[in-house]
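Undergrad: Dropping a structure here in structure tokens format, bear with me for questions.
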Amino acid sequence: MVELYETLIQGLLDRSFVSVDHWLSPDRVVDLRKSLMDRYQADAFHLAGVGNESRHQTKADFRSDRVHWLERAKASEAEKRLYGQIDGFVEYLNRTCYAGIQDSEFHYAVYEPGSFYGKHVDCFRQNNRRRYTMVFYLHEAWQPGDGGELQLYLGDAVIPIQPQPGRVVFFDSGVPHEVLKGHMRRMSLTGWLKTG
Ligand code: OGA
Ligand code: MN
């Protein structure tokens, strides 16, 4: 575990982002996808909102994913296991880097084919508490050409990241990024680690 945590922390410190493929085993991905689909089929998702800082006029022009905010008190077994893993990482991050993470929030997101999320940052201007973003990809399979890449903008560099199932991407919430249009249903769990 410590090795995984160190990989994440080094990536964040060196490049402001890091992508890791083995945090979630294939079984865990299946279990989380089931939890997501249960909630999706129960109609518990809604069109995502856009942060206050957005200069775009309409939501649908800017982002067309559907989300479901998780509540810890109502977590499924698979979600509880993920919370356990994330809490372990946060404890390590706070202890070794004095990161001061005191809070977190999570949502599932489903991007139906053709959905996207325009270029944005995750920390709202009025509320700068979001420090790190993490995204876990939960769909069954993803091939080059399916689209739906997460694209990060780091200085002059444009870094596309394929949303491979099982992959988790961590980045500073202030890094501009977008989700490109895809041809497949794209499923994810996104979390934010927040300072107090
Ligand atoms: C977000 C976001 C990226 C992704 O939910 O704010 O940018 O790859 N998600 O799903
Ligand atoms: Mn984002």
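The values are calculated or read from the model by the stated rules, or taken from the named source; none is laboratory data. Remember, it's a predicted structure, so these values are computed and weren't measured experimentally. Methodologically, a virtual Cβ is constructed for each residue, glycine included, from the backbone with ideal geometry; neighbour enumeration extends over all protein chains shown. Just so you know, the surface numbers come from the protein's heavy atoms only, side chains and all, with ligands and any DNA or RNA stripped out. Shrake-Rupley method; radii C 1.70, N 1.55, O 1.52, S 1.80 Å.
Undergrad: What pairs come out if I take residues in the range 116-138 that are within 12 Å of ligand 1 (Cβ to nearest atom) and pair them with residues that are of a type in the set (Phe, Trp, Tyr) and open to solvent by 30 Å² or more (accessible area, probe 1.4 Å) whose C-beta lies under 8 Å away, six or more apart or interchain?
TA: Hits for this filter: 119/153; 130/124.
Undergrad: Can you pull out the residues in the range 181-196 that are surrounded by fewer than 17 Cβ atoms within 10 Å (Cβ to Cβ) and either assigned to a strand (DSSP E or B) or modelled with pLDDT of 95 or more (or both)?
TA: 181, 183, 185, 195
Undergrad: Of the residues that make up the range 98-105, is at least one open to solvent by less than 30 Å² (accessible area, probe 1.4 Å) and not in a strand (DSSP E or B)?
TA: yes
Undergrad: Say whether the condition of being within 23 Å of residue 182 (Cβ to Cβ), small (Gly, Ala, Ser) and more than 17 Å from the chain's Cα centre (by Cα) is met by at least one residue in the range 79-102.
TA: Checked against the condition, which is being within 23 Å of residue 182 (Cβ to Cβ), small (Gly, Ala, Ser) and more than 17 Å from the chain's Cα centre (by Cα), the range 79-102 yields no hits at all.
Undergrad: OK, next. Tell me, yes or no, whether the range 122-138 has at least one residue that is closer than 22 Å to residue 26 by Cβ, among the acidic types (Asp, Glu), assigned to a loop (DSSP other than H, G, I, E, B) and touching a strand residue (DSSP E or B) at 6+ places or on another chain (Cβ under 9 Å).
TA: no
Undergrad: Can you tell me which condition residue 143 does not meet? The list is (1) in a helix (DSSP H, G or I); (2) free of Cβ contacts under 8 Å to residues at least 12 places away in the same chain, and all the others hold.
TA: All conditions pass for residue 143, except number (1).
Undergrad: From the residues in the range 122-176 that are more than 14 Å from ligand 2 (Cβ to nearest atom) and of a type in the set (Asp, Glu), which one is least open to solvent (accessible area, probe 1.4 Å)?
TA: Out of the qualifying residues, it is 146.
Undergrad: For the range 1-18, give me each residue that is outside any helix (DSSP H, G or I) and open to solvent by less than 50 Å² (accessible area, probe 1.4 Å).
TA: Within the range 1-18, 16, 17, 18 qualify.
Undergrad: Got a sec? Which of 49, 118 is within 14 Å of ligand 2 (Cβ to nearest atom) and either in contact with a strand residue (DSSP E or B) (Cβ under 7 Å, 6 or more places away or on another chain) or part of a strand (DSSP E or B) (or both)?
TA: 118
Undergrad: When the range 67-96 is examined, which residues are found to be surrounded by fewer than 13 Cβ atoms within 10 Å (Cβ to Cβ), in a helix (DSSP H, G or I) and in contact (Cβ under 8 Å) with a residue 12 or more places away in the chain?
TA: 77, 96 - these are the residues of the range 67-96 that are surrounded by fewer than 13 Cβ atoms within 10 Å (Cβ to Cβ), in a helix (DSSP H, G or I) and in contact (Cβ under 8 Å) with a residue 12 or more places away in the chain.
Undergrad: For the range 139-159, which residues satisfy the criterion of being within 15 Å of residue 111 (Cβ to Cβ) and touching a strand residue (DSSP E or B) at 6+ places or on another chain (Cβ under 7 Å)?
TA: Selection gives 139, 146, 147, 148, 149, 150, 151.
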